[in-house]
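Below: the structure, in structure tokens.
The values are calculated or read from the model by the stated rules, or taken from the named source; none is laboratory data. Quick caveat, the model's predicted, so the values are computed rather than measured. Reconstructed Cβ throughout: ideal geometry from the backbone, glycine too, with neighbour counts over all protein chains shown. These area figures cover heavy atoms from the full protein model, side chains too; ligands, DNA and RNA do not enter into them. Shrake-Rupley method; radii C 1.70, N 1.55, O 1.52, S 1.80 Å.
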Amino acid sequence: MHDIDQFFQDSDYNILRVLLGAVGLWPFHTRNRRYTIYIVIMLLLGSALLFQLLDIIAIRNDFFAVINTIPFILHFIIVINKAICSIYKLPQIKILLIMMYEYRISPKSDEETKLQNLHSQYGRKLSYTYMGCLIGFYALYYLIDTLSVRTIRTKYNETEELSNKTLHYQISGISSSINSTLVDEDTESLPIFIHFFMCDCVAIILIIVSDVLYVTVTEYCCGLFAALRYRLEFALIFDNNELTITEDKSYSNIVYSIRRHIESIQFVTNMESVLSLNLFVQTGSFVLIIALLVYEVTNIGIFMGRSYIVKAVAYLNFVLINVFFENWLGQKIIDSSEKVFESVYNAEWYSMPIITRKLLIMLMMKTEKPLMLKMGKLFELSFATFNTILRTSSSYFMLLQSL
């Protein structure tokens with residue numbers, strides 16, 4: 001396994017290796033090292049969720065306060081689900097990494113290698129951009145939250161016109177504050193802030209790791225389809241002595257393409273196994289979060305002030321961008337697999353022997369239906385699903401408005 005680790009370290013996939021290792025999901029590390037990281041992560045996230053639940057119990061009689069706190073409870077549920085699903089699916093993650101390594105060392109043409117490298121480089125740049133945006137959002141959100149808390153507390157101390165209930169709404173951040181009935185804010189606010197800051201750091205790292213894994217395997221899969229299309233389009237003229245199994249170039253290339261397409265199907269199947277439940281829980285939670293945040297902005301934010309609205313809108317934008325990002329990557333797989341069928345259809349089949357045409361027909365039948373990722377084996381990740389999520393969130397928002 002040292003060769004695989006060295007391959008990822010020297011390739012464009014090194015960012016994935018580093019991130020997976022940071023949260024104990026690099027399958028080639030020792031078991032003790034991984035289990036130690038798991039325990040630390042689950043203790044932090046579990047304690048944060050416990051405090052959130054205690055908070056909502058304390059304010060259960062206040063409808064607006066509950067509405068304000070639920071998105072942050074769902075936030076930690078999403079992250080804990082990501083951690084549990086990733087740990088449970090570690091064998092499948094290992095299979096994906098091995099498949100990526102085996103494809104890279106397998107015999108293929110220089111053009112196929114070039115196409116795969118282009119997609120891996122694009123995936124690396126996209127991962128860095130996504131990480132930068134997410135970390136920037138996180139830092140900006142905490143800055144806004146800290147400044148607003150100071151302003152509100154100063155105003156509260158000077159005028160004493162704000163109720164404890166209103167103060168609780170205003171100082172709720174990504175992790176939400178603990179209700180003042182549970183702790184002494186004067187003596188315990190700093191330890192609580194440090195604790196939740198650490199929990200939020202772990203949460204944001206897990207989100208980054210999960211999404212970078214998604215980006216990397218998606219771009220790798222798109223690279224497989226691009227290389228496959230190249231071989232199909234030049235099936236009559238492409239010649240490689242290492243890959244030729246008969247004297248007929250077209251027959252050898254079509255057989256090779258069928259084998260590569262089978263590998264692509266297997267890779268997408270493993271991707272779905274790793275990401276399906278994770279994305280299903282995340283998307284379902286985001287539907288509720290979007291509805292709750294829109295309700296907060298349009299109703300609670302009217303009397304809570306500008307800083308409250310800015311924080312809620314910032315978090316809402318993050319959720320919308322994340323939902324779009326997940327479905328955009330799923331749409332890329334659909335589009336890339338559809339183009340394979342177009343390449344098969346546009347191949348110069350009329351110049352091929354009969355036996356090769358029969359193989360080409362089989363490949364056309366297999367590629368006619370595009371490959372896609374599904375959440376919970378129910379909903380595919382695509383632009384259409386993104387539109388459905390927005391419409392469903394709007395329906396929940398209208399339900400809240402009617403209460």
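Okay, here's what the table says:
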{"quantity": "Filter pass, LEU360 being over 28 Å from ILE135 (Cα atoms) and part of a helix (DSSP H, G or I)", "calculated": "yes"}
{"quantity": "The stretch 363-403 - residue that is open to solvent by 80 Å² or more (accessible area, probe 1.4 Å) and assigned to a loop (DSSP other than H, G, I, E, B) and, of those, farthest from ILE333 (Cα to Cα)", "calculated": "LEU403"}
{"quantity": "Selection from the stretch 197-206 of residues that are open to solvent by 10 Å² or more (accessible area, probe 1.4 Å) and touching a residue at least 24 places away in the same chain (Cβ under 8 Å)", "calculated": "PHE197, MET198, VAL202, ILE204, ILE205, LEU206"}
{"quantity": "Boolean, ALA291 is under 27 Å from THR388 (Cβ atoms), in a helix (DSSP H, G or I), of a type in the set (A, V, I, L, M) and open to solvent by less than 20 Å² (accessible area, probe 1.4 Å)", "calculated": "yes"}
{"quantity": "For SER11: the one exception among (1) modelled with pLDDT under 85; (2) over 27 Å from PHE196 (Cβ atoms)", "calculated": "(1)"}
{"quantity": "Filtered residues of the stretch 347-357 (kept if open to solvent by 40 Å² or more (accessible area, probe 1.4 Å), closer than 19 Å to ARG231 by Cβ and either in a helix (DSSP H, G or I) or of a type in the set (Phe, Trp, Tyr) (or both))", "calculated": "TRP349, TYR350, SER351, ILE355, ARG357"}
{"quantity": "Matching helices (runs of 4 or more DSSP H) fully within the stretch 1-96 where at least 1 residues are hydrophobic (A, V, I, L, M, F, W, C) and surrounded by fewer than 17 Cβ atoms within 10 Å (Cβ to Cβ)", "calculated": "14-22, 31-58, 63-88"}
{"quantity": "Residues of the stretch 353-387 that turn out to be farther than 22 Å from ILE265 by Cα and out of contact with any Phe, Trp or Tyr (no Cβ under 8 Å at 6 or more places or on another chain), as a count", "calculated": "3"}
{"quantity": "Criterion: β-branched (Val, Ile, Thr) and either touching a Pro at 6+ places or on another chain (Cβ under 6 Å) or at pLDDT 85 or above (or both) - qualifying residue of VAL344, VAL340", "calculated": "VAL340"}
{"quantity": "Residues within the stretch 319-337 that are open to solvent by 20 Å² or more (accessible area, probe 1.4 Å) and among the polar types (S, T, N, Q), tallied", "calculated": "2"}
{"quantity": "Any hit, the stretch 59-77, residues being over 28 Å from LEU320 (Cβ atoms) and free of Cβ contacts under 8 Å to residues at least 60 places away in the same chain", "calculated": "yes"}
{"quantity": "Near pairs, Cβ below 6 angstrom, 6+ apart or cross-chain, from the stretch 96-124 (under 17 Å from ILE265 (Cα atoms) and in contact (Cβ under 8 Å) with a residue 40 or more places away in the chain) to any residue that is hydroxyl-bearing (Ser, Thr, Tyr) and in a helix (DSSP H, G or I)", "calculated": "MET100/TYR220"}
{"quantity": "Count of residues meeting criterion [open to solvent by 30 Å² or more (accessible area, probe 1.4 Å) and in contact with a Leu (Cβ under 6 Å, 6 or more places away or on another chain)] in the stretch 271-287", "calculated": "1"}
{"quantity": "Test result for TYR251, open to solvent by 40 Å² or more (accessible area, probe 1.4 Å), in a helix (DSSP H, G or I) and at pLDDT below 85", "calculated": "yes"}
{"quantity": "Candidate set from the stretch 97-112 (those that are at pLDDT below 90 and under 15 Å from PHE225 (Cβ atoms)); member that is most open to solvent (accessible area, probe 1.4 Å)", "calculated": "GLU111"}
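This table checks each residue for (1) without any contact (Cβ under 8 Å) to a residue 24 or more places away in the chain; (2) of a type in the set (D, E, K, R); (3) touching a helix residue (DSSP H, G or I) at 6+ places or on another chain (Cβ under 6 Å).
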| position | (1), (2), (3) |
| --- | --- |
| TYR345 | yes, no, no |
| TRP349 | yes, no, yes |
| LYS366 | no, yes, no |
| THR388 | yes, no, no |
